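Notes for the one structure printed next.
A short reminder: the numbers here are calculations on the coordinates, not readings from a lab. Small disclaimer: the values here were computed from a predicted structure and weren't measured. Every residue, glycine as well, gets a Cβ built from its backbone with ideal geometry; the counts of neighbours run over all protein chains shown.
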Amino acid sequence: MKFDIDYIAHNNRLSDFNMYVKVIVSIGLMVATLILDNLTLDIIVFVLMAILVLGVARISFKSYLKFLTIPIVFAVITCLFLLFFFGHGPLIYDTGFWGIGITQSSLDLAVTTFCRCFACFSCLGFLTLTTPIADILQCLHMIKVPVIFIDIALLMYNTIFIFLDQLSTMRNAQETRLGYVGSKSTYKSLGMLFSNLFFRSLDKSETLQCSLDSRCYQGYLPVYKPKRGK
Amino acid sequence: MHIMEGFLPPFWCAVWYVIAIIVVAYGLYEIKKVVDETPESKALLAVSGAFMFVISSLKLPSVTGSCSHPTGNGLGAALFGPAVTGVLATIVLIFQAILLAHGGLTTLGANCVSMGIVGPFVGWIVYKLLTKAGVPSKINIFLIAFIADIVTYIVTAIQLGLAFPEPTTMAAITKFFLIFAPTQLPLAIAEGLLTVIIWNGLMSYKPKLLNKLGAISDSELSKGE
């Protein structure tokens, strides 16, 4: 398993750019599109974000497309659902089955919802593709989110990658020993994998605690903030 | 299924955010109490959160042929209790939005209420009641995972129905739930089965540790040995 988004967030032209500006721009535009709910604004925001991501941050078109595909598919499915089942008033298009059809109100609802999703999603895309998690947590610290929340999140972020590494090792070991053949053995293998991972994780937490203690951990993780250029 | 970024109207985003923040603040208060007493539990919490994230990012084969992600919140609730699970699930949801583009930041509150708060909480109550009634933890853990999943989807359906009351709120909730049901029932059963297998593994390796976490009763511990 790979986190392409995480890799991209650390390796693009905007990674080192002032994080507060990035967060304020993306969250601000996201909230604005959500509240104003205006079709023209949605399209403007989407185009603006595409320019920022592709042109300014120089993220490859292929990875941006990959990032957008799954949400687009989801949005299309849900909006089709809204289109056919959530209207009132006279039908403007009739499918002929049990009176299911499109009405003017459902068409409006589906189109506005789709565009709103899309615009908000492109804002999220700009934020996640250009800003590493450590920076986002730093911003959370600025808005006075409790230190303990951020500490746990930071330790979790660190641990996730160690787990993924262990997971792929264990998975390979299982696969070479005929695990994951058919659905019954897949369940068995997955169950073994997770219960093993849980004990590994407890061991890991002990080690982590030892290493924190030996570095004078007092319940707060001070993080070095490098001076960012530009 | 997470509610997508931008799918809910602003009013409902705000409502769910407020509810989520109140509950998560309480959960943080609980965690803080635990951490002040035993400082080493912070590492355990972080690692368990990472465990939940990794579980939820893996694909699970299901009966319908589609693939879905186990939520892991039933297991979390059984092991750590609902308050802690709520906080950990919030962090997991933030990471899912930022690292995997699942869910979103504006709908974070709503997702948090359904996946991190109501689902695990109901599951946990059922778990406690059945443990008191002496039901073996293997059956119990299936039920908690199943119920936590189903409740999560009921809450999601309610959230969507409230946001799109067309023609009436109740009718919309029913419609959304009927759409979810055919795919989610098999998934909930699948997650329940998987959780039982994980639980069997946990029980056979280290039953004492589960007892220490308060997840299984003393009588079951002695029976296991």
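Rounded to the nearest 10 degrees, the angle from helix B:10-37 to the longest Cα principal axis of chain B is 20 degrees. Convex hull volume per residue, computed on the Cα atoms of region A:146-213, equals 91 Å³. Straight-line reach from B:LYS42: which aspartates and glutamates have Cα under 13 Å away, leaving out those fewer than 8 places along the same chain? B:LYS42 reaches A:ASP151, A:GLU206, A:ASP213, B:GLU30. For region A:161-185 versus region B:98-120, the inter-centroid distance based on Cα atoms is 28 Å. Cβ-to-Cβ counts within 10 Å put A:ARG200, A:ARG13 in ascending order as A:ARG13, A:ARG200, the fewest first.
Of the residues B:ALA157, B:SER41, B:VAL135, the one whose Cα sits farthest towards the positive end of the charge dipole of chain B is B:VAL135 (charges of +1 on Lys and Arg Cβ, -1 on Asp and Glu Cβ, taken about the Cα centre). Here the average projected area of the convex hull drawn through the C-alpha atoms of chain B stands at 12.6 nm². The phi torsions of region A:107-119, fed into the Karplus equation with coefficients 6.51, -1.76 and 1.60 and a -60° offset, translate into couplings of 4, 4, 4, 5, 5, 5, 5, 4, 5, 5, 4, 5, 5 Hz, rounded to whole numbers, with Gly and Pro shown as x.
Here the simple spin-label model places points 7 Å from the Cα toward Cβ, and for B:ILE21 and A:THR69 these points are separated by 3.8 nm. Ordering A:TYR180, B:TYR29, A:TYR157, B:TYR127 by the number of other Cβ atoms within 10 Å of each residue's own Cβ, fewest first, gives B:TYR29, A:TYR180, A:TYR157, B:TYR127. Shielding value for A:206-217 is 3, the average number of Cβ atoms from other chains within 10 Å of each residue's Cβ.
The angle separating the long axis of helix B:82-95 from the principal Cα axis of greatest extent in chain B is about 60 degrees. Only Lys, Arg, Asp and Glu carry charge here, each on its Cβ (+1 for the first two, -1 for the last two); on that basis chain A has a dipole of about 660 debye about its Cα centre.
Structure shown: which of A:LYS184/B:LYS128; A:LYS22/A:LYS204; B:LYS33/B:LYS208; B:LYS138/B:LYS175; A:LYS204/B:LYS32; B:LYS128/B:LYS208 lie over 26 Å apart, alpha-carbon to alpha-carbon? Where the Cα-Cα span goes over 26 Å, the pairs concerned are A:LYS184/B:LYS128; A:LYS22/A:LYS204; B:LYS138/B:LYS175. When B:GLU191, A:GLU206, B:GLU37 are arranged by Cβ crowding within 10 Å, least crowded first, meaning fewest neighbours, the order is B:GLU37, A:GLU206, B:GLU191.
Projecting label points 7 angstrom from Cα along Cα→Cβ for A:LEU178 and B:TYR205 puts them 2.4 nm apart.
Computing FRET efficiency as 1/(1 + (r/R0)^6) for B:THR169 and A:PHE199, where r is the C-beta to C-beta distance and R0 is 41 Å, gives about 0.35. Dipole magnitude for region A:145-203: about 360 debye, using +1 per Lys or Arg Cβ and -1 per Asp or Glu Cβ, origin at the Cα centre. Calculate how steeply helix A:133-142 sits against the longest principal axis of the alpha-carbon atoms of chain A, using the helix alpha-carbon long axis, and give the answer as 0 to 90 degrees to the nearest 10. Long axis of A:133-142 versus the principal axis of chain A: about 80 degrees. In this structure the amide hydrogen of A:THR103, modeled in the peptide plane, comes within under 5 Å of the amide hydrogens of A:ILE92, none closer than 5 places in sequence on its chain. If you run the Gaussian network model on chain A, springs between alpha carbon atoms under 10 Å, then out of A:MET30, A:MET192, A:MET19 the most flexible one is A:MET192.
For region A:18-88, the alpha carbon positions stretch 48, 29, 18 Å along the principal axes, listed from largest to smallest.
In chain B, helical runs assigned H by DSSP with n ≥ 4 each contribute -39500 (n - 2.57); averaged across all residues and rounded to the nearest 500, the mean residue ellipticity at 222 nm is -24000 deg cm²/dmol. Rg ratio for chain A: its Cα radius of gyration over 2.2 N^0.38 Å, N being its residue count, equals 1.33. Derived from the Cα gyration tensor, the three semi-axes of the equivalent ellipsoid of region A:4-136 are 35, 15, 10 Å, largest first.
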